[in-house]
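Student: Would you mind keeping the following structure in view while I ask a few things?
The values are calculated or read from the model by the stated rules, or taken from the named source; none is laboratory data. These numbers come from a predicted model, not from an experiment. Quick reminder, even Gly has a Cβ in these numbers, built from the backbone with ideal geometry, and neighbours come from all protein chains shown. Note: accessible area is taken over every heavy atom of the protein model, side chains too, but ligands, DNA and RNA are not part of it. Shrake-Rupley method; radii C 1.70, N 1.55, O 1.52, S 1.80 Å.
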There are 4 protein chains.
Amino acid sequence: MKVIMDLTVSPFGVGLSVSPYIAACHEIFAEAGLKTNLHAYGTNIEGEWDEVFAAVKLCHEKLHAMGIPRLTSSIKVGTRTDKEQSLHDKIDSVKNKLA
Amino acid sequence: MKVIMDLTVSPFGVGLSVSPYIAACHEIFAEAGLKTNLHAYGTNIEGEWDEVFAAVKLCHEKLHAMGIPRLTSSIKVGTRTDKEQSLHDKIDSVKNKLA
Amino acid sequence: MKVIMDLTVSPFGVGLSVSPYIAACHEIFAEAGLKTNLHAYGTNIEGEWDEVFAAVKLCHEKLHAMGIPRLTSSIKVGTRTDKEQSLHDKIDSVKNKLA
Amino acid sequence: MKVIMDLTVSPFGVGLSVSPYIAACHEIFAEAGLKTNLHAYGTNIEGEWDEVFAAVKLCHEKLHAMGIPRLTSSIKVGTRTDKEQSLHDKIDSVKNKLA
């Protein structure tokens, strides 16, 4: 089952700069070979359900190991049976309407 | 790794009444022995990471099998290493401040 | 335009206990006369669009005034034209399917 | 009070293609002069609190006028008092850590 995910990781108890932790998760996604697209409030991820969620779990484990005591991930995860759709398809679909 | 989750399942392409689909997911959570609490915009779930996410995946698979072509789950998932916390602890913590 | 909202306020840069800040927001909702229901990962709120969003803005202003430098609210807001629906209607609708 | 928002609009009861409705909201954001960035699961928006939320309300009103009976927006909205930050600053902050 293929998914398109949007992931926002929020570390608590570590000051105001969260970008080092987001970067640590991106290394995990890259090692897992997942397609990602970073935006200002999270990361789009494309892949198989089990692989994508395994990467999210690794991200929680790595950030706790880096000293973060409390962590919330906000996730949107979409699956569909009517057609295959990629990250770029979703964006193009709106852009074509705007053109 | 224990999690507290908030899950909102949004089925697309099936009319306006989504409650039968939410109910179908709740049967899965009950069979999995997960603690849940239904609210007006989703469901709180408490359990081990792998068990909770396996139930979310089963929920997507079941709803697609029921004929839903497109499905988005909106998930908040929290983990912490500083202390154990249950669904009720989180609510009581705020209620005590309000009292 | 009536809304049903789910609100999760996440303060950053203030340690691990967020319940005093959630409680501060609940005082605002009570003063505004809004119907609310606290759950383990947020608060359901029912009311008119302008009143509910004014309360969310007051909550951000109050928490910054309490010393929080960085704040994210995660909001789900639903509107519908086909029928009136309350917080309790939404919950009952699922519970009836489960019964 | 300046905000950085992430907005995902979910129309229910209108079939599977939601891109025409997302495009209708983008016209509102453009007319309001708001900076936006479209991604695969929503739109980043930057602006003053009142202007951004007025645009979100207009978007709900327009989509209901287009015939959508039920609509949920999923919103993340961030405010901070420690520094000014733009959509691009947030992305650059992570990219610099990855470089």
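Student: Cβ under 14 Å from A:LEU34's Cβ, A:LEU34 left aside: what net charge do those residues give with Lys, Arg +1 and Asp, Glu -1?
Tutor: Net local charge, A:LEU34 excluded: -4.
Student: Could I ask something else about it? Mind checking which chain C residue has its Cβ closest to the axis relating C to B, and how many whole Å off it is?
Tutor: In chain C, the Cβ lying nearest the symmetry axis toward B is C:HIS39, 2.
Student: What does the structure give for A:42-48 when I average, per residue, the other chain Cβ atoms found within 10 Å of the residue Cβ?
Tutor: Mean partner shielding for this stretch: 2.
Student: For the protein assembly as shown, state the semi-axes of the equivalent ellipsoid (square roots of 5 times the eigenvalues of the alpha-carbon gyration tensor), sorted largest first and rounded to whole angstrom.
Tutor: Gyration-tensor ellipsoid for the protein assembly as shown: 26, 25, 25 Å.
Student: Also, quick follow-up: Hey, rough spin-label estimate for C:GLU61 and B:GLU61, points 7 angstrom out along Cα→Cβ, what's it come to in nanometres?
Tutor: About 5.1 nm separates the two model spin labels.
Student: How much FRET efficiency would the formula 1/(1 + (r/R0)^6) give for A:HIS88 and C:LYS2, where r is the Cβ-Cβ distance and R0 is 35 Å, rounded to 0.05?
Tutor: With R0 = 35 Å, the Cβ-Cβ based efficiency is 0.40.
Student: Carbon-plus-sulfur fraction of the accessible area of chain A, 1.4 Å probe, in percent?
Tutor: With neighbouring chains kept in place, the figure for chain A is 50 percent.
Student: With unit charges on the beta carbons (Lys and Arg positive, Asp and Glu negative) and the dipole taken about the Cα centre of the range B:35-90, which residue among B:MET66, B:SER86, B:ILE45 sits farthest to the positive side?
Tutor: Value computed over the given set: B:MET66.
Student: Quick one: accessible surface of D:HIS88, probe radius 1.4 Å, all protein chains present, in square angstrom to the nearest 10.
Tutor: Taking all protein chains as shown, D:HIS88 has close to 130 Å².
Student: Turning to a different aspect of this structure: Taking the Cβ of B:ILE68 as the center, what net charge do the other residues with Cβ under 11 Å away carry, scoring Lys and Arg +1 and Asp and Glu -1?
Tutor: Overall, the nearby charge balance is +1.
Student: Which aspartates and glutamates have a Cα lying under 17 Å from the Cα of C:LYS2, excluding residues fewer than 8 positions away in the same chain?
Tutor: Result set, ordered by chain and number: C:GLU46, C:GLU48, C:ASP50, C:GLU51, C:ASP82, C:GLU84, C:ASP89, D:GLU61.
Student: Sort shortest first the distances from C:GLU31 to its counterpart in every other copy, using label points 7 Å along the Cα-to-beta-carbon line, and give them in nm.
Tutor: 3.5, 4.9, 5.0
Student: So if we plug the beta-carbon distance of A:ALA54 and C:ASP50 into 1/(1 + (r/R0)^6) with R0 = 56 Å, what FRET efficiency do we get, rounded to 0.05?
Tutor: According to the calculation, E is roughly 0.80.
Student: Holding the Cα-Cα limit at 32 Å, pick out from B:LYS57/B:LYS97; B:LYS62/D:LYS62; B:LYS62/B:LYS95; A:LYS76/C:LYS57; C:LYS57/D:LYS62; A:LYS76/C:LYS62 the pairs that are longer than that.
Tutor: Beyond 32 Å: B:LYS57/B:LYS97; B:LYS62/D:LYS62; B:LYS62/B:LYS95.
Student: Could you work out the relative contact order of chain D, using alpha carbon pairs under 8 angstrom and six or more residues apart, expressed as a whole percent?
Tutor: RCO, chain D: 43 percent.
Student: Report, as an integer, the average count of C-beta atoms from other chains found within 10 Å of each Cβ along D:86-92.
Tutor: The per-residue average across the peptide is 3.
Student: A further question follows. What size of dipole, in debye to the nearest 20, comes out for the range D:34-99 about its Cα centre when the only charges are +1 on Lys and Arg C-beta atoms and -1 on Asp and Glu C-beta atoms?
Tutor: 320
Student: Shifting gears a bit: Stokes-Einstein D for the range D:1-57 at 4 °C, 1.567 mPa s, Kirkwood Rh over Cα pairs, in µm²/s?
Tutor: Calculated translational D: 110 µm²/s.
Student: If you build a Gaussian network model of chain C, linking Cα atoms that sit under 10 Å apart, which residue out of C:GLY42, C:GLY15, C:GLY33 swings the most?
Tutor: Of C:GLY42, C:GLY15, C:GLY33, the Gaussian network model singles out C:GLY15 as fluctuating most.
Student: To the nearest 500 deg cm²/dmol, what mean residue ellipticity at 222 nm is calculated for chain C from DSSP H runs of n ≥ 4 alone, each contributing -39,500 (n - 2.57), summed and divided by the residues?
Tutor: -13500 deg cm²/dmol
Student: Under 9 Å from the Cβ of C:LEU87, count the other residues' Cβ atoms, weight Lys and Arg +1, Asp and Glu -1, and hand me the total.
Tutor: Summing Lys and Arg as +1 and Asp and Glu as -1 gives 0.
Student: Averaged across C:24-33, how many Cβ atoms of other chains sit within 10 Å of each residue's Cβ atom?
Tutor: Partner-chain Cβ atoms within 10 Å, mean over residues of C:24-33: 1.
Student: Further question: Could you compute how much accessible area chains B and A hide from each other, both sides summed, with a 1.4 Å probe? Nearest 100 Å² is fine.
Tutor: So the total buried area for this chain pair works out to about 2100 Å².
Student: Largest first and in whole Å, what are the equivalent-ellipsoid semi-axes of chain C based on the Cα gyration tensor, each being the root of 5 times an eigenvalue?
Tutor: 27, 15, 11
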